[in-house]
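One structure is given here, and the rest of the page talks about it.
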Amino acid sequence: MRRDGIELASAYLEHGEMMLLVDPVLPPPGDDLSRFERAIARDLERLGGPAWVLNTRTHDPRDADGLVAMTGGRRWTAGEDPPPGIGAIPVGDGADVALWSVVHRALMPGRALAMDGGALVAAPAVDPSPLLALDPAVIIPSVGPMPA
């Protein structure tokens, strides 16, 4: 989804009985949002556990409030204890974090790493080495092309 000229992405992980929604972006009102709400409700019922709405960027909540209201879940931001099994790794100036799921070997780097023309690039002032040293099986960035 594009907002303010930036291609945004979200991550959804089933982590045991928990639902993790990372850097959430809701579809626009209408049929897509209605289908999304039904799918989230169905998955919450199937999983039986709590929903966590996680933001990798302290000052960019995206649609976290809407997802918390929709799921009854808990909102998480950097500086708090993350959900069990999820690691929070400070990046850049420390206001942002990358999230790491050991179980999935999934790295959710927020804006620290982004897709640009099909290549993964580090944000300015971010050393990607510690993140890539985790040897992730999958990297789920929260942004597409980096803004100029």
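Return the residues of segment 1-16 that are closer than 24 Å to A78 by Cβ and either modelled with pLDDT of 90 or more or exposed (fewer than 13 other Cβ atoms within 10 Å of the Cβ) (or both); say none if nothing qualifies.
Those that are closer than 24 Å to A78 by Cβ and either modelled with pLDDT of 90 or more or exposed (fewer than 13 other Cβ atoms within 10 Å of the Cβ) (or both): R3, D4, Y12, L13, E14, H15, G16.
Which pairs do you get when a residue that is within 15 Å of L21 (Cα to Cα), found in segment 38-50, comes within reach of a residue that is of a type in the set (V, I, T) and surrounded by 14 or more Cβ atoms within 10 Å (Cβ to Cβ), reach meaning Cβ atoms under 9 angstrom, with the pair 6+ apart or on two chains?
Correct list of pairs: I40/T71; A41/T71; L44/T71; P50/T71.
Which pairs turn up if I take residues in segment 54-69 that are assigned to a helix (DSSP H, G or I) and look for partners that are among the charged types (D, E, K, R) with beta carbon separation below 6 Å, at least 6 apart in sequence or on another chain?
A64/R75; V68/R75
Kindly evaluate W100 against the criterion of being in contact with a strand residue (DSSP E or B) (Cβ under 8 Å, 6 or more places away or on another chain), aromatic (F, W, Y) and farther than 20 Å from A137 by Cβ.
no
Only one of (1) exposed (fewer than 14 other Cβ atoms within 10 Å of the Cβ); (2) under 22 Å from P141 (Cβ atoms); (3) without any contact (Cβ under 8 Å) to a residue 24 or more places away in the chain fails for D93. Which number is that?
(3)
The values are calculated or read from the model by the stated rules, or taken from the named source; none is laboratory data. Not measured: the values here are computed from a predicted model. Cβ: placed from backbone, ideal geometry, glycine included. Neighbour counts: every protein chain shown.
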